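The values are calculated or read from the model by the stated rules, or taken from the named source; none is laboratory data. The structure displayed is predicted, hence computed values, not measured ones. For neighbour counting, all protein chains shown are included, and Cβ atoms are generated from backbone atoms with ideal geometry for every residue, glycine included.
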């Protein structure tokens, strides 16, 4: 099957949210999705804080990647952080995930970025095996920390 790509447009917001929910369900985190079409419209299309790339087969969206730029002080240049990569279940195992990552790597090089990075859940062995197979390196010496909700508000208001 021939795979093509296109960037999301404002009219795609319902589809973006659908893919986010499907990914969250796969990751057993559906109850954590609080994103709405209005929030996605604001942050992706009005504030331009992220981009969405759709993977398409025969004109139908079969997966997506949501990404944004970050910055490496050590490299002195920006990188691409891949927040979400998702391929519909019926299209998995056909090389589409690898093709999406290849496209993102091309975008990173075209934009002169220094790296492409993402997180992966520790239990997601199929994805871990896939990432290792393409040469991705796990960052074993790093731990992710996060502030959200009331904890974030509390720190900001101290």
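Okay, here's what the table says:
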{"item": "Options 16, 20: the member that is surrounded by 13 or more Cβ atoms within 10 Å (Cβ to Cβ), part of a helix (DSSP H, G or I), touching a strand residue (DSSP E or B) at 6+ places or on another chain (Cβ under 6 Å) and touching a residue at least 40 places away in the same chain (Cβ under 8 Å)", "result": "16"}
{"item": "Pairs, first under 16 Å from residue 120 (Cβ atoms) in region 138-153, second at pLDDT 90 or above and in a loop (DSSP other than H, G, I, E, B), C-beta under 7 Å, six or more apart", "result": "144/119"}
{"item": "Listing of helices (runs of 4 or more DSSP H) fully contained in region 68-158 that carry 1 or more residues being more than 18 Å from residue 53 (Cβ to Cβ)", "result": "125-133, 149-156"}
{"item": "Residues within region 38-51 that are under 16 Å from residue 84 (Cβ atoms) and either part of a loop (DSSP other than H, G, I, E, B) or touching a helix residue (DSSP H, G or I) at 6+ places or on another chain (Cβ under 8 Å) (or both), tallied", "result": "5"}
{"item": "Residue check, residue 54 in a strand (DSSP E or B), over 21 Å from residue 120 (Cβ atoms) and within 17 Å of the chain's Cα centre (by Cα)", "result": "yes"}
